[in-house]
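The structure under discussion appears below in the form of structure tokens.
The values are calculated or read from the model by the stated rules, or taken from the named source; none is laboratory data. For clarity, every value in this text was computed on a predicted model and none was experimentally measured. So basically every Cβ, Gly included, is an ideal-geometry build from the backbone, and we count neighbours across all protein chains shown.
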Amino acid sequence: MKPSLLIVDDEKDMLKLLQRSIRADIDCEIYTATDALAGLHIVETHPVDVALLDIRMPRIDGLELLERIKGVDPLITVIMMTAYGVIEVAVDSIKKGAYDFITKPFEHEPLIHLLTKAFERSRLLHENRHLQQRIQSEQTFQNIVGMSPAMQKVYDTIQMVSQTDVTVLITGESGTGKNLAARAIHAMSRRSAQPYVHVNCPTLPESILESELFGYKKGAFTHAMQDRKGLIEEADGGTLCLDEIGDIPLSVQTKLLQVLEEKQIKPLGQPMSIRVDVRLIASTNCNLQEKIAAKQFREDLFYRLNVVNLHMPPLRERREDIPLLAHYFLKRYNTELDRDKKGFSPELMQAFLSSRWDGNVRELANLVKRGVVLAPEDMIRPEDIGWNDRPAVGCLPDRYLDLAYRPAKQKILEEFHSRYFENLLQQAEGNVTRAAQLCGLERQHLQQILRKYGISAERFR
């Protein structure tokens, strides 16, 4: 679909001139209007990406039209046109939401350059809105689950870097989803139709890692019975992900640095280099700075890899995502294993929310899968996954230590229900039906719980 431009100017000759001039260089749909009300009507009835507005017009001037357009669609990129000598008015328009301004009479090239940037800005704004709508409706982003502020930052970074070919270093503890992030970057990039080659570096012995990455010619070593294309060449045109790059030997690090600098590889036994077009993503769960200090990792390679750093937060730093993740895995394993578990007992969810999660999301997924397999009833309980005697970190605040067992238990359950269901309703924006779907309860059952604990869904709408 072509981008669209609205031009509003009370001089008809100027409108004709602008139309001819812009169409010569930019392929876009152009709407014109000779007064503000007609321009506003176009905005209300047609998709408009960029608006080019004259400031001085009769009745309603360009500044008021700017404010009205922003009221209809704040994503429209507005450029103001002004005559020489009234720059202060144009500057005021920037404060009111205009993207930029250009003074009359203007030359063709600066105008085209400014409009091109405006169309690009509009495209990015609409892509971002579409992304946010998709995340809100699906609660997943490229198979990554989470709605917490920490994960929103991850999604924003993935979206930005996927539009480029820069090298990305993904850091984070084991089980935080580094591989999912790498695949998301590839899937959203211009290379998405090309190969995605994932290399788990620690699983390849040092003696064969170099030959696997760079390939070899027949006769290059004793058991090289035929030519073998390396994994880097396999990824040509696409993306190469080196998982746990901190574990590769220094000799391979040196050759990898040459690949990044020269975009060439030299298979073992071949005198000539081969050019490759590969986007590199690396991941690690170790501290590469410490490895550099210990002379186990090349500092120059680190800086080549760390053009953009994407950190995947541990699960304990985004606990608000735990109910969402747990029910996501419940639905997934119910389907995979042909089961029909309805949800988690309050005691188990409280344990989930207070656990340390040293294994992060991978540990949670495995526990849910165990519960789906072993739970004898519809609801998965702590004893179904071997957590009945597990001490939950931080689940017993000091204020309950002096209480008898039953009152302490009752207080903790009341606090859990209040925090859990308030967080749930916040995610569902007060929609009880949606909240019931998220937590795996029947709507009527959820309403009974809300009434019992005095929680009003109205507060979250």
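Does Leu348 fit the bill of being within 27 Å of Ala184 (Cα to Cα) and either part of a helix (DSSP H, G or I) or in the same structural domain as Lys217 (by TED's automatic domain parsing) (or both)? It is false that Leu348 is within 27 Å of Ala184 (Cα to Cα) and either part of a helix (DSSP H, G or I) or in the same structural domain as Lys217 (by TED's automatic domain parsing) (or both). Scanning the stretch 170-206 for residues that are under 19 Å from Asn287 (Cα atoms), surrounded by fewer than 18 Cβ atoms within 10 Å (Cβ to Cβ) and without any contact (Cβ under 8 Å) to a residue 60 or more places away in the chain turns up Asn200, Pro202. Of all residue pairs spaced 6 or more apart or on separate chains, none has beta-carbon atoms under 6 Å together with a first member in the stretch 306-324 that is closer than 20 Å to Arg183 by Cα and without any contact (Cβ under 8 Å) to a residue 60 or more places away in the chain and a second member that is of a type in the set (A, V, I, L, M) and surrounded by 17 or more Cβ atoms within 10 Å (Cβ to Cβ). Evaluate the stretch 263-275: report whether one residue or more is assigned to a strand (DSSP E or B), surrounded by 16 or more Cβ atoms within 10 Å (Cβ to Cβ) and not aliphatic (A, V, I, L, M). Checking the stretch 263-275: not a single residue is assigned to a strand (DSSP E or B), surrounded by 16 or more Cβ atoms within 10 Å (Cβ to Cβ) and not aliphatic (A, V, I, L, M). Has the stretch 233-243 got at least one residue that is β-branched (Val, Ile, Thr), within 25 Å of the chain's Cα centre (by Cα), assigned by TED's automatic domain parsing to the domain that holds Lys178 and outside any loop (DSSP other than H, G, I, E, B)? Taking every residue of the stretch 233-243 in turn, at least one turns out to be β-branched (Val, Ile, Thr), within 25 Å of the chain's Cα centre (by Cα), assigned by TED's automatic domain parsing to the domain that holds Lys178 and outside any loop (DSSP other than H, G, I, E, B). Only a single criterion out of (1) under 28 Å from Ile449 (Cβ atoms); (2) of a type outside the set (Asp, Glu); (3) more than 20 Å from the chain's Cα centre (by Cα) is not satisfied by Arg304, namely (1).
Total residues in the stretch 314-344 satisfying the condition of being basic (Lys, Arg) and part of a loop (DSSP other than H, G, I, E, B): the figure is 4. A residue that is under 34 Å from the mean Cα position of the chain (by Cα) and either crowded, with 18+ Cβ neighbours inside 10 Å or not assigned by TED's automatic domain parsing to the domain that holds Ile281 (or both) occurs nowhere in the stretch 222-229. If I filter the stretch 399-413 for residues that are at pLDDT below 75, closer than 16 Å to Phe352 by Cα and assigned by TED's automatic domain parsing to the domain that holds Tyr333, do I get at least one hit? Yes, some residue in the stretch 399-413 is at pLDDT below 75, closer than 16 Å to Phe352 by Cα and assigned by TED's automatic domain parsing to the domain that holds Tyr333.
Test Pro74 against the stated conditions and say whether it is assigned by TED's automatic domain parsing to the domain that holds Phe101 and modelled with pLDDT of 90 or more. Against the criterion (assigned by TED's automatic domain parsing to the domain that holds Phe101 and modelled with pLDDT of 90 or more), Pro74 does not qualify. Look at the stretch 425-461 and say how many of its residues are under 17 Å from Leu325 (Cβ atoms), small (Gly, Ala, Ser) and free of Cβ contacts under 8 Å to residues at least 24 places away in the same chain. Looking only at that region, the number is 1.
Scanning the stretch 141-171 for residues that are part of a loop (DSSP other than H, G, I, E, B), of a type in the set (Ser, Thr, Tyr) and within 25 Å of Gly246 (Cβ to Cβ) yields a count of 2.
Hey, any hits in the stretch 85-103 for a residue that's surrounded by fewer than 17 Cβ atoms within 10 Å (Cβ to Cβ), in contact with a Cys (Cβ under 8 Å, 6 or more places away or on another chain) and within 24 Å of Leu124 (Cα to Cα)? No; the residues of the stretch 85-103 include none that is surrounded by fewer than 17 Cβ atoms within 10 Å (Cβ to Cβ), in contact with a Cys (Cβ under 8 Å, 6 or more places away or on another chain) and within 24 Å of Leu124 (Cα to Cα). Taking the stretch 289-305 as the range and being of a type in the set (A, V, I, L, M) and without any contact (Cβ under 8 Å) to a residue 60 or more places away in the chain as the test, the residues that pass are Ile292, Ala293, Ala294, Leu301.
Of the residues making up the stretch 286-311, those that are of a type in the set (A, V, I, L, M, F, W, C), under 11 Å from Val168 (Cβ atoms) and not in a helix (DSSP H, G or I) are Val307, Val308, Leu310. Taking Arg381, is it outside the structural domain of Gly175 (by TED's automatic domain parsing), basic (Lys, Arg), at pLDDT 75 or above and touching a Leu at 6+ places or on another chain (Cβ under 8 Å)? The answer is yes for Arg381.
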